[in-house]
Amino acid sequence: MAIAERPLTLNDYKTPVHINWCPSCGDFGIVNAIQRSLNELKIPPHKVAVFSGIGCSGKTPHYINAYGFHTLHGRVLPNATGAKLANKDMTVIAVGGDGDGFGIGAGYFVNSGRRNVDFTYIVFNNGVYGLTKGQGAPTLARGVRTKSMPEPAIQDSLNPIALAIGSGYTFVGRGYALDPKSLSELIGQAIEHKGSAFLDVLQTCPTYNDVMTKTWLEESVHDHPRMYRIADEGYDGVVSDPSNPSEIIAKKVQAIEKSYEWGDRIPTGVFYSARLRTYEEELETRLPDYATTPLIDWNVQDRDVSKLLAALR
Ligand code: SF4
């Protein structure tokens, strides 16, 4: 029976492509969580487009039954932006590693945040460049030495949550790859958010990172789980009045402060969320037809540019 004629199931988001990540890689959990969230939201595969950069996580679109584009190193966000602006009726999900997003793609990361295009960007954060044999990536902390490194890192790590807040992402959260149920709920919230959503997902790389392991992340410290959900402790990152700049700034400061908690306690969940005007909504004020008709349906072949050319003479 065709998909359109029956209820969607989780299997509708899977592909027959052989998954060639290392056994026990955290990437499996993230793909599973994306598929679960799409199924929970009942978004049909033909209304979803998944974009990826280069790295182990770059293979993600191969494994999700949707439109997919495995793009260039660090260039996932410009591609996702273009696709969303061309067809705003699509659910656009961008994925990539921390090296792809915060190394070569750092400029795109910052400028995509301030645009607030309506998409979801999921970073698979394992602290290393897994595909190229485990060199330290931008989120690897100073002094840490994984098994693939001859000596400890001598640079400070980047703080993805704080950078996302400062860049202007309007939904910022952190999840854990090996908890697909909670992660799928978080991804669902990010997809439903109107605007640019960024998720920092802690992803274990058992092949090259023997520091941020499943055991370390899930162990208890002083009788408390290392990872905890900020909402369980009364944290509220949602801006209740988006027209109030003071509240927005206060919630951003709160989120950035919380983002520096690391080590014995690692917070997860929604750090910040605000319903602010999207790039598409700004476009509609200049191009009224954009509100009702996606760009892909515009007739751009037969446009009269004579007035424009005359003005340039
Ligand atoms: Fe996963 Fe690491 Fe293997 Fe890449 S190298 S597939 S991130 S375990």
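The values are calculated or read from the model by the stated rules, or taken from the named source; none is laboratory data. Quick caveat, the model's predicted, so the values are computed rather than measured. Cβ: placed from backbone, ideal geometry, glycine included. Neighbour counts: every protein chain shown.
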Residues in region 1-18 that are loosely packed, with under 14 Cβ neighbours inside 10 Å and assigned to a loop (DSSP other than H, G, I, E, B) total 8
Here the residues within region 6-17 that are at pLDDT 95 or above and farther than 19 Å from Tyr67 by Cβ are Thr9
Checked Gln254, Gln203 against criteria (closer than 24 Å to Val95 by Cβ, polar (S, T, N, Q) and out of contact with any His (no Cβ under 8 Å at 6 or more places or on another chain)); the one match is Gln203
Taking region 177-198 and the residues there that are under 18 Å from Lys88 (Cα atoms) and among the charged types (D, E, K, R), the one that is surrounded by the most Cβ atoms within 10 Å (Cβ to Cβ) would be Lys194
Checked region 271-313 for anything hydroxyl-bearing (Ser, Thr, Tyr) and assigned to a strand (DSSP E or B); matches are Tyr272, Ser273
Quick check, is Lys147 out of contact with any Cys (no Cβ under 7 Å at 6 or more places or on another chain), in a loop (DSSP other than H, G, I, E, B) and on the phi > 0 side of the Ramachandran plot?
no
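From the list Gly58, Gly107, exactly one residue is surrounded by fewer than 24 Cβ atoms within 10 Å (Cβ to Cβ) and either in contact with a strand residue (DSSP E or B) (Cβ under 9 Å, 6 or more places away or on another chain) or aliphatic (A, V, I, L, M) (or both). Which is it?
On the way: Gly107 fails: either in contact with a strand residue (DSSP E or B) (Cβ under 9 Å, 6 or more places away or on another chain) or aliphatic (A, V, I, L, M) (or both).
On inspection, the qualifying residue turns out to be Gly58.
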Picked from region 178-212 (must be β-branched (Val, Ile, Thr) and either more than 25 Å from Leu10 (Cβ to Cβ) or over 12 Å from the mean Cα position of the chain (by Cα) (or both)), the residue nearest to the ligand (Cβ to nearest atom) is Thr207
Checklist entry - Just wondering, is there one or more residues in region 51-59 that are closer than 25 Å to Ala291 by Cα and at pLDDT 95 or above? => result yes
Of (1) away from the ligand (no atom under 16 Å from the Cβ); (2) more than 12 Å from the chain's Cα centre (by Cα); (3) buried (at least 19 other Cβ atoms within 10 Å of the Cβ), Arg114 satisfies every one except (3)
Picked from region 27-69 (must be within 16 Å of the ligand (Cβ to nearest atom) and hydroxyl-bearing (Ser, Thr, Tyr)), the residue farthest from the chain's Cα centre (by Cα) is Tyr63
Within region 124-151, residues being more than 16 Å from the ligand (Cβ to nearest atom), closer than 20 Å to Leu217 by Cβ and loosely packed, with under 14 Cβ neighbours inside 10 Å number 2
Checking Asp264, Asp289, Asp241, Asp302 in turn, the sole residue that is loosely packed, with under 12 Cβ neighbours inside 10 Å and touching a Phe, Trp or Tyr at 6+ places or on another chain (Cβ under 9 Å) turns out to be Asp289
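Might you let me know whether region 101-108 holds any residue that is closer than 23 Å to Gln35 by Cβ and among the hydroxyl-bearing types (Ser, Thr, Tyr)? If you could, list the steps in order and put the result at the bottom.
Taking region 101-108 and keeping what is closer than 23 Å to Gln35 by Cβ, we get 101.
Next, from what is left, pick out any that are among the hydroxyl-bearing types (Ser, Thr, Tyr): none.
For region 101-108, residues closer than 23 Å to Gln35 by Cβ and among the hydroxyl-bearing types (Ser, Thr, Tyr): absent.
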Within region 1-14, restricting to residues that are farther than 22 Å from Leu178 by Cβ and in contact with a helix residue (DSSP H, G or I) (Cβ under 8 Å, 6 or more places away or on another chain), the one that is farthest from the ligand (Cβ to nearest atom) is Ile3
Quick check on Ser37: is it over 18 Å from Ser112 (Cβ atoms) and surrounded by fewer than 20 Cβ atoms within 10 Å (Cβ to Cβ)?
no
